[in-house]
1. Determine which single condition I134 fails, assuming it passes every other condition in (1) open to solvent by 60 Å² or more (accessible area, probe 1.4 Å); (2) over 19 Å from V66 (Cα atoms); (3) at pLDDT below 95.
2. Out of everything in segment 178-205 that is among the small types (G, A, S) and in a helix (DSSP H, G or I), what residue ends up being nearest to G10 (Cα to Cα)?
3. Every residue in segment 18-37 that is touching a strand residue (DSSP E or B) at 6+ places or on another chain (Cβ under 9 Å), of a type in the set (A, V, I, L, M), within 13 Å of the ligand (Cβ to nearest atom) and assigned to a helix (DSSP H, G or I), please.
4. Could you please give the count of residues in segment 96-114 that are under 16 Å from D169 (Cα atoms), open to solvent by 40 Å² or more (accessible area, probe 1.4 Å) and in contact with a helix residue (DSSP H, G or I) (Cβ under 7 Å, 6 or more places away or on another chain)?
5. Under the condition of being modelled with pLDDT of 95 or more and part of a helix (DSSP H, G or I), which residue from segment 80-103 is nearest to the ligand (Cβ to nearest atom)?
6. Please verify whether segment 68-79 includes one or more residues that are surrounded by 12 or more Cβ atoms within 10 Å (Cβ to Cβ), in contact with a strand residue (DSSP E or B) (Cβ under 6 Å, 6 or more places away or on another chain) and of a type in the set (D, E, K, R).
Amino acid sequence: MAKIAILMLGAPGSGKGTQAKFIMDTFNFIQLSTGDILRGLKKKPAESLTEAQKEAILTMDSGKLVSNALVSQLLADEIAVSGGEKVIFDGFPRNQAQISIFEELLKQNGFEVLIPVFLRVDDEILKGRMEARIAEMKALGQEPRADDIPETFAIRLATFHQETDPVIDHYASHANFIRLDALADTKREEVWSQLESQLTGMLAQ
Ligand code: ADP
């Protein structure tokens, strides 16, 4: 069977992680998220990190993008270790330069099928969701993600439009492109039911 890659595209807070989880549970995919991989660096002892990795942590917490070279290397390592045949890519490619790196990684690792999935959500809804997420975490006595505070979230959103909108434009013409629109009151289960039926059709082929 062909190796299949699903590429999750969407703004911060658009629900990529939630939908990725549904895909994993239903269709038996694994997920590689560059955000998660980078956050993993934070859990390592500082003395085991290179200068580039330390700098990446600071950049991530500021809401900007870390260097292409570092993220690409981390992702390449993870693909090799995972050995997955059905993989969801979340967070990469995130700018134009990363598109060709991604395509090359897919080729080198034998992925023949690519399904780009774009979750489109208005900025106003995203800001509201993020505020709600922070309030929820605080109510539970948990520490919110450093880059979820409103000022940093605004930078992430601006960075998304500047750097990642062109990536979405690039994949919009792909034969397998799936676009899902979430309005203010669209529940995650509704988005999933649309996504599930589209994926079922494609994965059955
Ligand atoms: P979100 O999509 O919610 O903004 P992620 O967990 O995907 O969050 O990413 C968090 C941060 O990690 C980004 O703001 C950025 O600093 C860094 N990052 C993740 N993926 C990449 C990437 N492909 N290129 C550069 N930086 C990245």
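The values are calculated or read from the model by the stated rules, or taken from the named source; none is laboratory data. Please read these numbers as outputs of a predicted model, since none were measured by experiment. Here the Cβ is made from the backbone with ideal geometry for all residues, glycine too, and neighbour counts use every protein chain on show. Surface areas here come from the heavy atoms of the whole protein model, side chains and all, with no ligands, DNA or RNA. Shrake-Rupley method; radii C 1.70, N 1.55, O 1.52, S 1.80 Å.
1. (1)
2. Step one: of segment 178-205, the residues among the small types (G, A, S) are 182, 184, 193, 197, 201, 204.
Next, only the ones that are in a helix (DSSP H, G or I) stay: 193, 197, 201.
Numbers: S193: 18, S197: 19, G201: 22 Å.
Across segment 178-205, the extreme among qualifying residues is S193.
3. First, pick out the residues of segment 18-37 that are touching a strand residue (DSSP E or B) at 6+ places or on another chain (Cβ under 9 Å): 19-21, 23-24, 27-36.
Narrowing further to those that are of a type in the set (A, V, I, L, M): 20, 23-24, 30, 32.
Of the ones still in play, those that are also within 13 Å of the ligand (Cβ to nearest atom) are 20, 32.
A20, the sole residue that qualifies.
4. 2
5. Q98
6. Yes, because at least one residue in segment 68-79 is surrounded by 12 or more Cβ atoms within 10 Å (Cβ to Cβ), in contact with a strand residue (DSSP E or B) (Cβ under 6 Å, 6 or more places away or on another chain) and of a type in the set (D, E, K, R).
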